[in-house]
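Reviewing the structure listed below.
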Amino acid sequence: MQSSSPTLSGFRSIFRRPSLGLAEIAWRWSFGFAASLLLLLSFEEYLKTLPVSTGDRWLLRSGQPGLVSQAIQHILQGSAPRVVAALIVFGLAMATAWIGLAALGRAVTLRAVESHFAGDRPSELGDPRWGLGSLAGLNLLRVAITVAAGMVWLTAWLVASAAASDSDPSPGLAVLMFLAATLLVGLAWSAMNWLLSFATVFVVAGGEDTFGAIAAAVHLLGARIGAVLAASTWFGLAHLATFGLASSAVVFPLAFAGVLPGVVVFGGVLMVTLLYFAVADFLYMGRLAAYVAIVEGLNTISSRETVPRSEDGGPPAPSILVESRVDPEELILGDVPW
C-alpha cells in the first residue's frame, strides 16, 4: 500500500490502526508509572532515614517560616551523600529497565507498522525480525549520549560560575557562556537522539545490527533527505500545535483554583496532561510509520531493473522498469499451450 506521500501514509496509519498508538502508550506509560512509583517509594525511605529531634519537631510545629527553615536545614544536614548515592542507584536501575523495555516495545510497534504496510504481500524491507539485542544497543547509546550531555552541561555550569568570581564579577558573561553551551549541547543531543531513534526502523524491518542500522539511517538521509525532513516537519508542527492546545486547556482548571477543591483542580490538570501525552505518542508512531513508508518507497525503486539495449545490438531500447517481485515461474500468455 505504497502512498505517494509518506507523511500522509504516517497520518493515515494512526487513524486506520489506533492499536499502533495504543501499543506505544502501553509500554511508555507502564515504564513511567513504574519509575514514578519507585521514585516515590525511594523518597519515602529516604525521609525515614532523616533524624528528627524533639527540638526540630517543636520548630516545625511553630508555624514560623524562619524557625521551620532552620529545622529543615538541621534535619537535612549531612544527608547529601545519601541523596547522591540514592540518585545514582535509581538512575542505573531506571536506565537498565528502560533499555530492555524500550527495545521490546519498539520491536512490537515497528513489527505492527511493517505488517500494516505489507498487508497481504511480502515486505519490501525483508523479513521483519525482533532484533532485541540491536535495539538494546541503540538504547544504550541513547543513554550514553544523554549522560554525556548532562556531564557537558554540568561542566559548562561550573565554568560559567568560575567566570563570575568575587574579585571580577561578570554575571552577563557567565549567563551568556552558560546559555550558549546549553544551546549547543541541546542541539547536539537532539540530533544524535533523533538519529538513533530513526535507526530502529532498520533493525526491526531490515534486520540490521546496531551500527549497521545507524549506517543505513545515514544512507537513507543522503538518498531521501527531503522526504525525511518533510515527515519530521509536519509531525513536529502537529506536536507543537498539540502542545499549544494543551497549554491553553490547562488554564481552564487552574482558573477555578480558588473555587473548587484542590483535588478537583489537580485532577483536571492531570487529565489534560495525560491527553497531551497520549496524542504525542500517537504522533510519534505516525512519524515512525512515515519513515517506514519512505524506506519502502526507496527499496521499491532500487528493486527495479532497466533494460538498456535491444537483443540484436541495435539502438538502445526504451527503458523498461521490471519489478523484481514478479514470480518467474508464473505462467504468462506465451506459455499457455493452444
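Observations on the structure shown:
- Considering segment 222-232, the residues that are modelled with pLDDT under 90 and in contact with a helix residue (DSSP H, G or I) (Cβ under 8 Å, 6 or more places away or on another chain) include one that is farthest from Phe277 (Cα to Cα), namely Ala223.
- Restricting Tyr284, Tyr276 to those that are without any contact (Cβ under 8 Å) to a residue 40 or more places away in the chain, among the aromatic types (Phe, Trp, Tyr), surrounded by 14 or more Cβ atoms within 10 Å (Cβ to Cβ) and under 24 Å from Glu24 (Cα atoms) reduces the list to Tyr276.
- Condition met for Leu158 (outside any helix (DSSP H, G or I), free of Cβ contacts under 8 Å to residues at least 12 places away in the same chain, more than 30 Å from Ala103 (Cβ to Cβ) and among the hydrophobic types (A, V, I, L, M, F, W, C)): no
- Whichever residue in segment 31-71 is hydrophobic (A, V, I, L, M, F, W, C) and in contact (Cβ under 8 Å) with a residue 24 or more places away in the chain and, among such residues, is nearest to Gly100 (Cα to Cα): Phe31
- Verdict on Gly207 being surrounded by 12 or more Cβ atoms within 10 Å (Cβ to Cβ) and not in a helix (DSSP H, G or I): yes
- Being exposed (fewer than 15 other Cβ atoms within 10 Å of the Cβ) and either within 19 Å of Arg106 (Cβ to Cβ) or modelled with pLDDT under 95 (or both) is a property that Phe235 lacks.
- In segment 1-15, the residues that are surrounded by fewer than 17 Cβ atoms within 10 Å (Cβ to Cβ) and modelled with pLDDT of 90 or more: Leu8, Phe15
- Out of Ser53, Ser62, Ser36, sole residue that is farther than 21 Å from Leu132 by Cβ and at pLDDT 85 or above: Ser36
- Residue check, Phe252 surrounded by 11 or more Cβ atoms within 10 Å (Cβ to Cβ) and more than 18 Å from Val295 (Cβ to Cβ): yes
- Counted residues, segment 205-219 - those being at pLDDT below 90 and over 12 Å from Leu138 (Cα atoms): 3
- Any helices (runs of 4 or more DSSP H) falling wholly within segment 17-92 and containing at least 1 residues that are among the acidic types (Asp, Glu) and surrounded by 10 or more Cβ atoms within 10 Å (Cβ to Cβ): 18-48, 54-62
- Yes/no for Ala180 being at pLDDT 90 or above, out of contact with any Ser or Thr (no Cβ under 8 Å at 6 or more places or on another chain), in a helix (DSSP H, G or I) and among the aliphatic types (A, V, I, L, M): no
- A search for C-beta distances below 9 Å between a residue of segment 164-189 that is within 30 Å of Leu141 (Cβ to Cβ) and polar (S, T, N, Q) and any residue that is at pLDDT 80 or above and surrounded by 14 or more Cβ atoms within 10 Å (Cβ to Cβ), counting only pairs 6+ apart in sequence or on different chains, returns Thr182/Trp153; Thr182/Ala156; Thr182/Trp157.
- Per the conditions (1) part of a helix (DSSP H, G or I); (2) surrounded by fewer than 23 Cβ atoms within 10 Å (Cβ to Cβ), the sole criterion not satisfied by Leu260 is (1).
- Note on segment 275-310: residues that are charged (D, E, K, R) and modelled with pLDDT under 50 total 3.
The values are calculated or read from the model by the stated rules, or taken from the named source; none is laboratory data. These numbers come from a predicted model, not from an experiment. Ideal geometry is used to build each Cβ from the backbone, glycine not excepted, and the neighbour counts take in all protein chains shown.
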